[in-house]
Amino acid sequence: MHDFQYKNDTLYCEDIAVSAVAEAVGTPFYLYSAATLTRHFAAFDQAFADIPHITCFAAKSCANIAILRLFAGLGGGTDIVSGGELFRARTAGVDPGKIVYSGVGKTAAEIRTALESGILMLNVESEQELAVIQTVAAGMGLKAPVSFRVNPDVDPKTHAYISTGLAKNKFGIPIGDALRVYLAASKMANIAIKGVSCHIGSQLTLVSPFVESLAKVKGFIAHLAEQGIGITHLDLGGGLGIRYNGEEPPLPSEYARAIKQELGSLHCTLILEPGRVLVGNAGALVTRVLYTKEGLKKFIIVDAGMNDLARPSLYDAFHHIQAVERPNREQAVADVVGPICETGDFLARERPMPKVEADELLAVMSAGAYGFSMSSNYNSRPRVAEVLVHGDAFHVIRARETYETLIQGESIPEFLGKGA
């Protein structure tokens, strides 16, 4: 459920017309609903209220510091995968004791900063990374709190690019090798083992892969206990999907019920890393029609492109697109395309679309996750504004970039001359 609804044939976000925001900030822009974000967090977090847990929002899905602050204010933590995301989380005021750090390529500098910040734990993804953490922690004179990301070789039944729990994926330590790595870590003077981590993919629409991976991890934790290695935290990752185009993903309550049933008597604090399920349907990309044209097919050319929303071009992902005004008009099959100089620059292909004209607004729905966070400056296009609605007011939480910001940090060496 989300707070984008029509009132008198005009799309509203909570209590403000989307067209009014467009008039004030220009297009394109990302628009988020604070009410939807709050409700989604509560639905997920409260589903686990009867057991020890921390809901750590996956920052990579939507990393704006205002949204990180919103979730932190609701008691949430943050799942990070880079030093930049750590900086964002700390700037947003996230409790460092609720930050977990995953990712296969942490640098020594990033590890040092994370340890200085006092985060809950580093999710280690290789033996060489473990050795670097030991060296960095020894140099700092402290013990690094770690979990190991175990790869359970479970098929999440999702898009190949967002599958992370198969043996052929780059993530984690193969479950068959993990006991040996834990035993080695237990003998390191500057390593403090806290947990086990497991993340199998994104946009999962079935409960069964989650349960299968948890069953494997439970068995592994039992083997650790036999070797005298106790675990206090179990990081189950994220990955719960949303509805884009007819999918029927489980509700957070259904997901939680299945997880708790499989968990049984295992006493660990659960770390949960929801991303898309919290923000996906809480955001939309608002774009303006520039032109329409017809030849062998009909095109609707808009001012948002693949640099603003990469998912359709990258994953052939579906996003529902609707007119901001008068939604129930005659439709015609068309491609919705952007201004980028690539044939792959599209938001929708061969889709029944409202018959819109130049200057009208379209809303690309379910764009809150992996929308702005994956955007780029390709074709030297400034990245768009981000706007957060709260009731009948809106707040620009990221200003639109300018041409000047595009070349910030660039310079022309003297030998090239001063130009015209």
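Ordering Met353, Met140 by the number of other Cβ atoms within 10 Å of each residue's own Cβ, fewest first, gives Met140, Met353.
Peptide packing: for 294-302, 327-335, 66-74, the average count of neighbouring Cβ atoms within 10 Å per residue gives the ranking 66-74, 294-302, 327-335, highest mean first.
Legend: ranking of residues Val81, Val336 from fewest to most surrounding C-beta atoms inside 10 Å; resulting order Val81, Val336.
Arranged from highest to lowest average of other beta-carbon atoms within 10 Å per residue, in what order do the peptides 246-252, 143-149 appear? It would help to have the intermediate numbers written out before the result.
Numbers: 246-252: 14.3, 143-149: 23.6.
Result, highest mean first: 143-149, 246-252.
Placing dummy labels 7 Å off each Cα toward the beta-carbon, the span from Ala215 to Ile412 is 6.6 nm.
Among 266-273, 283-290, what's the highest-first ranking by average C-beta atoms within 10 angstrom per residue?
On the way: 266-273: 20.4, 283-290: 24.0.
Highest mean packing first, the order is 283-290, 266-273.
Comparing Phe415, Leu130, Ser375 along the charge dipole axis of the chain, the residue lying farthest to the positive side is Leu130, per the Cβ-charge model.
In order along the stretch 356-361, the phi-based Karplus estimate (6.51 cos²θ - 1.76 cosθ + 1.60, θ = phi - 60°) of 3J(HN,Hα) comes to 9, 10, 3, 5, 7, 9 Hz; Gly and Pro are listed as x. For the stretch 337-347, 3J(HN,Hα) computed residue by residue from phi via the Karplus equation (6.51, -1.76, 1.60; θ = phi - 60°) reads 10, x, x, 5, 7, 8, 5, x, 7, 8, 9 Hz, glycine and proline entered as x. Under 5 Å between amide hydrogens, built in the peptide plane, is the criterion, and for Val124 it picks out Ser147, Phe148, Arg149 among residues at least 5 positions away or on other chains.
Placing unit charges on each Cβ (+1 for Lys and Arg, -1 for Asp and Glu) gives the stretch 37-135 a dipole about its Cα centre, and among Ile65, Met121, Ile51 the Cα reaching farthest toward its positive end belongs to Ile65. Cβ crowding within 10 Å ranks His320, His395 as His395, His320, fewest other Cβ atoms first. Given +1 at the Cβ of Lys and Arg, -1 at the Cβ of Asp and Glu and no other charges, the dipole of the chain around its Cα centre is 700 debye to the nearest 20.
Scan the chain and note any complete DSSP helix (H) whose C-alpha atoms cover at least 27 Å along its axis and whose Kyte-Doolittle average is 0.5 or more.
On the way: long enough: 208-226 (28 Å, 0.52).
Sorted by number, the helices that extend far enough and score high enough are 208-226.
Under unit Cβ charges (Lys, Arg +1; Asp, Glu -1), what dipole magnitude, rounded to 20 debye, does the stretch 95-274 have relative to its Cα centre?
Working: 16 positive and 17 negative charges, 51 e Å.
Value, rounded to 20: 240 debye.
Throughout, read-outs are computed from the coordinates displayed, never taken from laboratory work. Predicted model only: the values in this text are computed from it and were never measured. Counting neighbours? That spans all protein chains shown, and the Cβs are built from the backbone with ideal geometry, glycine included.
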